[in-house]
Structures are given as C-alpha cells and as structure tokens.
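The values are calculated or read from the model by the stated rules, or taken from the named source; none is laboratory data. Every value quoted in this text rests on a predicted model; they were computed, and no experiment measured them. For neighbour counting, all protein chains shown are included, and Cβ atoms are generated from backbone atoms with ideal geometry for every residue, glycine included. Surface accessibility is based on the protein's heavy atoms, side chains included, excluding ligands, DNA and RNA. Shrake-Rupley method; radii C 1.70, N 1.55, O 1.52, S 1.80 Å.
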Amino acid sequence: MAGMSSAAAQSTPFTYFYCSVKDSSRTDSTWHLACGPRPVLQRLMPCGIRVLHFIAIVYAKYRLHRRTEKTCPETPLPGISILKPLTGSDPNLYSNLETFFVMNYPSYELLFCIENELDEAIPIVRLLIDKYKHINAHLFIGGEQVGINPKINNMQTGYSAAKYELIMISDAGICMKEDTLLDMVQHLTEDTGLVHQMPFTCDREGFPATFEKIYFGTSMARMYLVADLMRINCHTGMSTLIRKKLLDEVGGLRTFGVYLAEDFFIAKSITDRKWRIRVSSQPALQNSGICQITAFQARLARWIKLRLAMIPLTTIIEPLSECVLLGAASAWAFRYLFRWDPLVFFMVHLLIWFLCDFVLLSIIQHGSLPFSKFEFVLGWLFREFTGLPLFLHALKDPHIKWRSRSYRLRWGGVAEDFTKKV
C-alpha cells in the first residue's frame with residue numbers, strides 16, 4: 001500500500017520562501033523583487049537552489065547514520081504497535097516482512113492488515129507468524145470502510161486493536177535493520193510527536209533500481225533534508241512513528257480517510273498543535289521485488305498531482321527547482337545581465353549540480369554504491385531530463401489512478417472515488 005506517500009516531500013523549500021515574500025505584503029520593494037524591471041528573482045532562484053544543495057550535503061552528514069545509543073536498563077522503552085498494511089505479493093515480500101520479526105527491540109507487536117481474504121500475502125504472513133511464535137503478531141482481514149483512502153480503510157481494524165502508546169505505520173516494501181526501531185524511538189524527544197524515515201532504497205540490480213536510488217538519494221533527499229532542517233512538513237507515510245494519543249485526540253486514523261495523502265495531513269495535524277516532526281538517522285529502505293521505470297514514473301506523477309491539490313502555489317513553480325530548466329533560465333539571465341556565454345554557463349551549472357548530487361547520494365548510501373560511475377551518469381541524466389516532461393504529463397490528466405481505482409482531487413487534498421465515472 002505504498003502508493004501515496006511522499007506527496008509533499010518534493011516541494012522546494014525555496015518556493016515556500018518565495019511565495020511568503022510575494023504574498024506577505026504589497027510594498028513596492030516586494031513588487032520590485034518579483035516583478036520589477038531587473039529580473040532579480042532570476043538571480044536569486046539559482047543561488048537559492050545551490051545554497052540548498054550545500055545545506056543538504058552538510059545536514060545529511062550531520063543527521064544521517066548516527067550511532068544508535070544503548071539505552072539504560074533502568075529506563076524501559078515504550079511499547080510500539082506496528083501497522084503493516086498489505087496488498088498483494090512480490091518476490092521480496094517474505095524477506096521484507098521477516099526483518100520485522102528479528103528487530104532488536106524489547107516490546108512491540110506486529111499488526112498485519114489485509115483487506116481481501118483471498119490476498120496472496122495472507123499465507124506469507126501466516127508462515128512467518130508460525131515461524132516466530134515468540135513475537136506478538138496478529139493478522140486482520142477485511143478492513144473497515146471509514147473513508148476514501150484504501151490504506152486507511154485497511155489499517156483501521158489493526159489500529160483499533162493496537163495496545164501500545166506508540167504507533168508505527170510501515171509499508172509492505174520496507175526492509176528494517178535490527179536497530180532501526182530503537183533509532184526512531186531515540187529521536188522521539190519530549191516535544192516531538194512524529195518521527196519518520198527519509199525514503200531511500202535497498203541495493204538492487206538493474207537500471208530501474210539505479211534510477212530509483214538516484215532519485216531518492218538526490219532530488220528527493222535534497223529537499224527532504226532541507227525541509228526537515230527548516231521545520232517544513234515533508235513527512236512521508238512509508239515508515240513513521242507517531243504518538244497514538246495525538247491521533248486519538250482528533251478521532252484516530254479514520255479522520256484522515258478523506259485524503260489520499262494521509263501522511264501529509266497527519267503531520268500537519270501534529271505540527272498545528274505545536275509538536276515537532278523529525279527525521280530519524282536511518283533512511284527508510286524500500287525493497288520492492290518489482291522494479292520498473294514506467295511504474296515508478298507513474299508513482300512520481302501521482303505525487304505531483306497530490307501536491308498540486310494540496311499546495312498548488314508552490315507546486316506550480318516546482319519545475320524551476322529542476323536542474324535542466326533552472327540551468328537554462330539561469331544561463332539566459334546571466335547572458336542578459338552580464339553577457340556570459342550561455343552554453344558555457346549551462347555546462348558548468350550541470351557539472352556542479354552533478355557533483356553535488358553524487359556527494360549527497362554517497363553520504364546517504366553510507367557505503368559503496370551498487371553501480372558504476374558510468375551507470376550513475378546515465379541514471380542521473382535520465383532523471384534530470386525527464387523531470388520536466390513528467391511534470392507536464394501529470395498536469396494533463398488530473399485524475400489519480402492507484403491500483404485498480406481512479407480518484408479525483410479537490411483543492412485542499414480531499415478525494416472522491418472516480419472509478420465508476422471513468
């Protein structure tokens with residue numbers, strides 16, 4: 001059920017800054033910045049994005065892959081109820097789920113939620129429950145219709161049965177390390193209501209897997225890290241730890257069943273009550289057994305459509321944060337202002353961007369990359385030169401297709417089922 005996560009994570013923090021400057025007042029200086037005769041914004045935008053690049057690299061080095069501290073035996077760790085919504089199976093499902101049975105954490109329960117009683121995932125879950133009888137694990141079949149969001153509907157029965165004070169929502173394709181849960185709990189400080197993992201991928205073979213790792217380790221990671229530093233809501237729901245009382249205060253998970261991007265609105269509900277959300281030091285390791293370029297691009301297109309419905313002002317200028325379009329616009333602006341050679345400027349821009357992305361990806365990988373530098377060049381070029389066409393393609397059709405259903409979004413993110421009307 002991993003389809004709708006990460007919808008708001010890709011929005012550029014610099015666009016938040018720009019929109020706040022543009023809309024906060026009507027002074028002459030503000031008008032001059034955005035619309036004046038000298039295109040100051042064209043100089044600020046590329047500078048701002050490059051600054052974000054360097055900030056992301058420094059913050060990634062500081063924030064990620066920190067050593068998990070051993071807890072004091074006298075201080076008991078809180079219990080955690082882990083919700084695992086599942087739909088269908090793939091070649092890696094068994095190994096992914098098994099990592100949740102062997103975690104080094106004293107008190108947790110696994111709540112597997114499956115909507116269809118004929119689902120292929122059911123025998124896999126039962127096999128693991130029988131194998132690890134000492135782990136508190138339960139299987140819930142059927143779900144409960146509480147809204148439009150199928151993931152929320154699927155998790156509702158498991159959520160109602162959860163007995164611990166902390167709730168973890170973890171998608172089917174996530175692979176856990178033994179100390180991941182402990183790492184997330186240690187980031188749940190007194191003023192923090194939600195801890196989430198930055199999306200990344202396991203090492204897999206093939207160009208589609210290379211493309212996914214490059215996307216999550218460069219384009220998405222850059223904005224995700226800076227957004228976390230600036231305390232902008234960038235929450236993705238693929239692997240997240242939440243204080244259950246904060247959900248219960250607003251009616252539980254069912255309250256967010258009217259949205260497809262439930263992760264964004266859960267985090268918004270928490271930050272609106274002055275709680276913090278934080279990124280843990282270990283990235284979320286996505287390990288789907290099915291890896292295809294077309295399926296992944298369809299996933300990215302869904303996220304774009306969700307962002308357009310939730311935060312249209314920032315999303316519509318999102319392409320200006322893309323390497324190719326930003327480089328072309330910057331080359332034209334610097335030629336106009338300083339008579340610089342636009343081709344030379346554009347090539348230098350690409351080189352700097354490329355090197356920064358490689359450094360950032362290497363930090364997030366925290367080890368040797370599973371592909372050659374030549375494969376990285378090909379994957380990086382494919383990602384950067386298909387970003388704008390993918391954005392334009394997403395604009396053509398506002399309907400969101402998720403598995404076998406189709407949805408239409410209203411402004412604000414509320415969804416309606418459009419399957420029967422298509």
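Are there strands (runs of 3 or more DSSP E) fully within the stretch 376-421 with at least 1 residues that are within 21 Å of the chain's Cα centre (by Cα) and among the β-branched types (Val, Ile, Thr)? List them.
Working: elements: 400-402, 405-409, 415-417.
Here the list reads 400-402.
For residue 305, work out the one condition from (1) at pLDDT 90 or above; (2) within 29 Å of residue 210 (Cα to Cα); (3) assigned to a helix (DSSP H, G or I) it doesn't fulfil.
Going through (1) at pLDDT 90 or above; (2) within 29 Å of residue 210 (Cα to Cα); (3) assigned to a helix (DSSP H, G or I) one by one, residue 305 breaks only (1).
Is at least one residue of the stretch 264-273 open to solvent by 10 Å² or more (accessible area, probe 1.4 Å), modelled with pLDDT under 90, in a helix (DSSP H, G or I) and not charged (D, E, K, R)?
The answer is no; no qualifying residue exists.
Sort out which residues of the stretch 74-123 are surrounded by 14 or more Cβ atoms within 10 Å (Cβ to Cβ) and among the polar types (S, T, N, Q), and write them in order of number.
Matches in the stretch 74-123: 81, 87, 89, 92, 96, 99, 116.
Quick one: in the stretch 308-359, of everything that is more than 14 Å from residue 385 (Cα to Cα), charged (D, E, K, R) and part of a loop (DSSP other than H, G, I, E, B), which residue is most open to solvent (accessible area, probe 1.4 Å)?
339
Conditions (1) more than 26 Å from residue 376 (Cβ to Cβ); (2) among the acidic types (Asp, Glu); (3) buried (at least 24 other Cβ atoms within 10 Å of the Cβ); (4) modelled with pLDDT of 95 or more, marked per residue:
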site: 161; (1), (2), (3), (4): yes, no, no, yes
site: 181; (1), (2), (3), (4): yes, no, yes, yes
site: 227; (1), (2), (3), (4): no, no, no, no
site: 230; (1), (2), (3), (4): yes, no, no, no
site: 239; (1), (2), (3), (4): no, no, yes, yes
site: 249; (1), (2), (3), (4): yes, yes, no, yes
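If you check residue 362 against the conditions, is it out of contact with any helix residue (DSSP H, G or I) (no Cβ under 8 Å at 6 or more places or on another chain), within 17 Å of residue 222 (Cβ to Cβ), among the small types (Gly, Ala, Ser) and surrounded by fewer than 20 Cβ atoms within 10 Å (Cβ to Cβ)? Reasoning before the result, please.
On the way: out of contact with any helix residue (DSSP H, G or I) (no Cβ under 8 Å at 6 or more places or on another chain): yes; within 17 Å of residue 222 (Cβ to Cβ): yes; among the small types (Gly, Ala, Ser): yes; surrounded by fewer than 20 Cβ atoms within 10 Å (Cβ to Cβ): yes.
Considered against the rule, which asks whether it is out of contact with any helix residue (DSSP H, G or I) (no Cβ under 8 Å at 6 or more places or on another chain), within 17 Å of residue 222 (Cβ to Cβ), among the small types (Gly, Ala, Ser) and surrounded by fewer than 20 Cβ atoms within 10 Å (Cβ to Cβ), residue 362 comes out as yes.
May I ask you to verify whether residue 324 is among the aliphatic types (A, V, I, L, M), at pLDDT 95 or above and farther than 30 Å from residue 191 by Cα? Give the steps one after another, and end with the answer.
Values: among the aliphatic types (A, V, I, L, M): yes; at pLDDT 95 or above: no; farther than 30 Å from residue 191 by Cα: yes.
Considered against the rule, which asks whether it is among the aliphatic types (A, V, I, L, M), at pLDDT 95 or above and farther than 30 Å from residue 191 by Cα, residue 324 comes out as no.
Any idea which of (1) part of a helix (DSSP H, G or I); (2) crowded, with 18+ Cβ neighbours inside 10 Å; (3) out of contact with any Asp or Glu (no Cβ under 6 Å at 6 or more places or on another chain) is the one residue 294 doesn't satisfy?
(2)
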